[in-house]
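What follows is one structure encoded as structure tokens, with my remarks underneath.
The values are calculated or read from the model by the stated rules, or taken from the named source; none is laboratory data. The shown structure was predicted, so the numbers you read here are calculated from the model rather than taken from an experiment. FYI the Cβ positions are ideal-geometry reconstructions off the backbone, even for glycines, and counts take in every protein chain you see. To get the accessible areas, we keep the full protein, side chains included, count just its heavy atoms, and leave off ligands, DNA and RNA. Shrake-Rupley method; radii C 1.70, N 1.55, O 1.52, S 1.80 Å.
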Amino acid sequence: FLRTFADARHVSYDALSASAVLDAHEQTHGARVLPRYRFDRAEVIVGVDADFLGTWISPVEYTAGYRSGRVLDGDTARLSYHVQLESRMSLTGAKADHRLPVAPADAGLVLKHLADRVARLAGTVSASAVDLPGPPPVAPAFLDEVAGRLWTARTRSLVVCGIEDIGLQVVCNTINHTLGAYGPTIDLDRPS
């Protein structure tokens, strides 16, 4: 078909793309890889418009990991804490311990405010703090609590973002790096 018509071109479209995650990891880690998110190892999970139990990247794998982190019976009882910030009700949001509806235009701002709070807990300055145009669109006390839980569980925490924006994915990577999640809950050595 392409040889028959001179002006024809092949176009690929992915309705559920993860290219922003790939491009952000290329910027922050030097390799365009889709990391393996280890929900099974996370004690605190924050999802920002990432329906990881429904449609985001690898929901079957993520559901199995998420479920193994939320077992209340037997000798290995444990319950991860999950906060979901999203613009619409998703399967993941329905399973969250705390779900907060956030307008699509405000989700990135919430993520930047979260990054700023985590950076302050780490004693560093957040690069995203420069871009904060005003107060967060959610209760500041709530963001303080979430940042505190993430910081307390650092290396056992995980923040995922489903927004197709490279800049916001870089902010998400920065939060996870500050928390020490790369290695324990985010595997780049064996990418997805």
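Taking only complete DSSP H runs, can you tell me which helices of the chain stretch 24 Å or more along their own long axis by Cα positions and average at least 0.0 on the Kyte-Doolittle scale? Write out the running numbers ahead of the final one.
Working: long enough: 104-122 (28 Å, 0.39).
Taking the DSSP H segments of the chain (at least 24 Å long, mean hydropathy at least 0.0), we get 104-122.
Rounded, prolate or oblate for region 10-52? Axes are the square roots of the Cα gyration tensor eigenvalues, ordered a ≥ b ≥ c, and the cut-off for rounded is a/c under 1.5. Cα axes put region 10-52 in the oblate bin. P(r) for region 107-192, from all Cα pairs and a bin width of 5 Å, is 3, 16, 26, 27, 18, 7, 2, 1 %, short bins first.
Summing +1 for each Lys or Arg and -1 for each Asp or Glu among the other residues whose beta-carbon sits under 13 angstrom from that of ARG156 gives +3. Considering only ASP75, ASP97, ASP40, the Gaussian network model of the chain with Cα springs below 10 Å gives its largest mean-square fluctuation to ASP75.
With bins 5 Å wide beginning at 0, the percent of Cα pairs of region 23-85 falling in each bin runs 4, 17, 21, 23, 17, 11, 4, 2, 1. Count Lys and Arg as plus one, Asp and Glu as minus one, and take only other residues whose Cβ is under 15 Å from that of ARG190; the net charge is then -1.
Taking ALA96, ALA77, ALA107 as the candidate residues, the one with maximal mean-square fluctuation in a Gaussian network model of the chain, Cα springs under 10 Å, is ALA77. In the elastic network of the chain, a GNM with C-alpha springs shorter than 10 Å, the most mobile of ALA141, ALA15, ALA181 is ALA15.
Binning the alpha carbon pair distances of the chain at 5 angstrom intervals from zero yields the distribution 1, 8, 15, 21, 21, 15, 8, 4, 3, 2, 2, 1, 0, 0, expressed in whole percent. Taking every alpha-carbon pair under 8 Å whose residues sit at least 6 apart, region 132-192 reaches a relative contact order of 33 percent.
Net charge within 13 Å of ALA103 by Cβ-Cβ distance, Lys/Arg positive one each and Asp/Glu negative one each, not counting ALA103 itself?
Numbers: positive: ARG88; negative: ASP49, GLU86, ASP106.
Around ALA103, the surrounding residues sum to -2.
Sorting 19-29, 155-165 by their mean Cβ neighbour count within 10 Å, with the most densely packed peptide first, gives 155-165, 19-29. Based on protein heavy atoms only, region 92-192 ends up with 45 Å² per residue of surface accessible to a 1.4 Å probe. Distance from the alpha carbon centroid of region 100-178 to that of region 1-77 works out to 19 angstrom. Based solely on its DSSP helices, what 222 nm [θ] is calculated for the chain when runs of n ≥ 4 H residues each add -39,500 (n - 2.57) and the sum is averaged over all residues, nearest 500 deg cm²/dmol? So the helix-based figure for the chain works out to -11500 deg cm²/dmol. Using a 1.4 Å probe on the protein heavy atoms, what percent of the accessible area of the chain belongs to carbon and sulfur? On the chain, the fraction of accessible area on carbon and sulfur atoms equals 54 percent.
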